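Quick notes on the structure that follows.
The values are calculated or read from the model by the stated rules, or taken from the named source; none is laboratory data. Predicted model only: the values in this text are computed from it and were never measured. A quick note on method: Cβ atoms are made from the backbone with ideal geometry, for glycine too, and the neighbour counts reach across all protein chains shown. Surface accessibility is based on the protein's heavy atoms, side chains included, excluding ligands, DNA and RNA. Shrake-Rupley method; radii C 1.70, N 1.55, O 1.52, S 1.80 Å.
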Amino acid sequence: MHFLVPDELHTYRGRQGADVAMLVRRARDAFAAHDLQCVGTSATLAGPGTFDEQRAEVARVASLMFGAPVKPENVISETLRRATPECDLSDPAFVAALRARVADTNMKTPINYSEFVRDPMSIWIESAFGIERDAASGRLIRKKPRSISGPDGAAHELGKLTGLPVDRCSEAIKSHFLASYQCEPDPVTGFPVSAFRLHQFISRGDKVYASPELEADRHLTLYGQQFVPGDRGRVLLPLAFCRECGQEYYVVRSTRDEETGVRLFVPRELDDKDDHSNGEDGAQCGFLYISSQNPWPEDPEEILRRIPEDWIEVYHGSQRARKSREEDLPRPVRVAPDGKESPSGLDCVFVPAPFHFCLKCGVAYGPRQKSDFPKLALLATEGRSTATTILSLAAVQYLRDTEGLCDSARKLLSFTDNRQDASLQAGHFNDFVRVGVLRSALYRAVESAGSEGITHDVLVQKVFDALDLPLTLYAADPDVRFHALDETKRALREVLGYRLYRDLKRGWRITLPNLEQCGLLEIKYLSWSSPGMAGMLLG
């Protein structure tokens, strides 16, 4: 054994890095390869500082990883060269030629390689987006990615240099980038003249913040801050939403002002728990409910109709809320826009945490369900795998629906740094598609049944018929016949039956609610009189 080449060296950190480092040492001992040459590769292993400082740091990490000294001079980085001539961008003659080039909307970009690289616009674009000289070493290095628009964008810089409108500069940059795809490749290397890539960064959403006011008066924002911009008398609190009906709740902690003793409501995280160890008097986690269309009632009889049935008991011939549930009942409170309790504030109710039932739709949760995450949703509670799957499938669907694209272009290529992430995402893709196919078959079967719906005894068969899978997709032997064919179909129906009812179980998929939770399916029970007579109708 002469060489060992670990790829993607930048991913080996923490415990995984220690495991790989020990594996390298064990391989050297097991193969008695005392002269083993280790070669680490990475496209993104770099750090701050000068070029020499970066090479020294990479050498230090590699020496630790390989268990053998790696000299900084043996760290090989990329060597860049300009495709266009290197010019002084501040030279008046060059600026004049560049201004004329940008201002002329009728001038066509040359497609001949030698003419294209001498174009003033090509020279400026390579300097603005591509490469620059390192001030310390004089080497050509890549420039940091930048946007075309915006106050720090390249269009603004070009407009400042040429004195032309920023909009015109932005259009010229975009047109030149697109025209580079029509240009002939480099006659020596065969590489395209411009290998630019457009990047779109999609970040997860933050919480929704709102002032504690009626719907028509609320200030809504996605940017976390303490007060409404320009108005310190109106506080901003985070919102969470019922996963069943979408009703919003302010996620707050009830506490007391240390100076005045006034009760006030401050923001908190959804998963925060009550903690009285900090000495706060009366601090309690909960939610504020404010609704002009469906306010919480004051009449005791109406309250009994809004709370869960198992919260009610009969006392001396009349109904009342159970004593054990009194502390969990919504409590009337008046809150001012600054988040403090005030006699002149807005009528609302404080709902203690954990969240027991929705004050609008009435969905209730058992006392063992302590976590509020399966009950309430934030704007940023989706999983990374789910978000990646949704975005990828949306992109593929868009490509399929776009006219004028060849089949080879209707695809999406995804990259990841390690096999663990790739296998996780691949499994998520497969699971998501399987669930989508199953639900579409169920929806199609129920839709075909019309207003009469489908009863439990024929549900699986109807879904099996609607699914209509080719035998080659689920049979080990696609040529199976006679009784064996019937047994193969029966096995698939049994799997479908299990998957159907497993998918209809609430809370099974928090970020992927089932058809009933989405309002696309309604389940009715035909009889509750006898356990043996209970049936189900899907419609």
To the nearest 10 degrees, the tilt of helix 51-66 (Cα long axis) against the first principal axis of the alpha carbons of the chain is 60 degrees
Reduced to Cα centres, the span from the range 319-363 to the range 160-239 in Å works out to 41 Å
In degrees rounded to 10, the 0-90 angle between helix 482-503 Cα long axis and the longest Cα principal axis of the chain is 80 degrees
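Once neighbouring chains are kept in place and the probe is 1.4 Å, which whole percent of the accessible area of the range 251-398 is contributed by carbon and sulfur?
Values: 4220 of 8530 Å².
Result for the range 251-398: 49 percent of the exposed heavy-atom area is carbon or sulfur.
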Calc'd 3J(HN,Hα), the range 369-380, phi into Karplus 6.51 cos²θ - 1.76 cosθ + 1.60 (θ = phi - 60°), Hz, glycine/Pro = x, comes to 7, 7, 6, 8, 4, x, 9, 10, 10, 9, 5, 10
For ARG142, the net charge from surrounding residues (Cβ-Cβ under 13 Å; K, R +1; D, E -1) works out to +4
Length gained, LEU64-PHE241, 0.36 nm per residue minus C-alpha separation, equals 58.8 nm
Here the residues of the range 55-73 lying in the modelled label zone of HIS34, meaning backbone nitrogen under 20 Å from a point 7 Å along Cα-to-Cβ, are 66-70
Whole-Hz Karplus couplings 3J(HN,Hα) for the range 401-414, θ = phi - 60° and coefficients 6.51, -1.76, 1.60, Gly and Pro as x, run 8, 7, 7, x, 8, 6, 4, 5, 8, 8, 8, 10, 10, 10
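Under the definition of Cα pairs under 8 Å and six or more residues apart, what whole-number percent is the relative contact order of the range 122-189? If you can, show how the numbers build up before the last one.
Values: 49 pairs, mean separation 12.8, N = 68.
Across the range 122-189, relative contact order equals 19 percent.
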Over 23 Å (Cα to Cα) among LYS489/LYS524; LYS207/LYS360; LYS462/LYS524; LYS143/LYS411; LYS207/LYS375 -> LYS489/LYS524; LYS143/LYS411
Of every hundred units of 1.4 Å-probe accessible area on the range 34-177, the number belonging to carbon and sulfur atoms, as a percent, is 55 percent
Averaged per residue, the 1.4 Å probe accessible area of the chain, protein heavy atoms only, in Å², is roughly 63 Å²
Percent antiparallel among DSSP beta bridges confined to the chain, nearest 5, equals 95 percent
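Want the number for VAL363 to GLU516: 0.36 nm per residue separation, take away the alpha-carbon distance, what's left?
Answer, rounded to one decimal: 53.7 nm.
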For the range 135-232, listing GluC sites (Glu not before Pro) in a DSSP loop whose Cβ sees at most 14 other Cβ atoms within 10 Å gives GLU215
Rounded to one decimal in nm, the spacing of the 7 Å Cα→Cβ label points at TYR474 and GLN397 is 2.4 nm
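Between beta-carbons, use under 13 Å as the cut-off and find the net charge around ASP338, counting Lys and Arg +1, Asp and Glu -1. Intermediate results must be reported in sequence, preceding the final value.
Values: positive: ARG232, ARG234, ARG263, ARG334, LYS340; negative: GLU213, ASP231, ASP257, GLU341.
Residues close to ASP338 contribute a combined charge of +1.
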If one compares the long axis through the Cα atoms of helix 419-449 with the longest principal axis of the Cα atoms of the chain, the angle in degrees, nearest 10, works out at 50 degrees
Rounded to the nearest 10 Å², the accessible area of HIS456 using a 1.4 Å probe with every protein chain kept is 100 Å²
Length gained, ASP299-SER147, 0.36 nm per residue minus C-alpha separation, equals 48.8 nm
Those GluC sites (Glu not before Pro) from the range 238-339 that are DSSP loop and have at most 11 other Cβ neighbours within 10 Å turn out to be GLU258, GLU259, GLU298
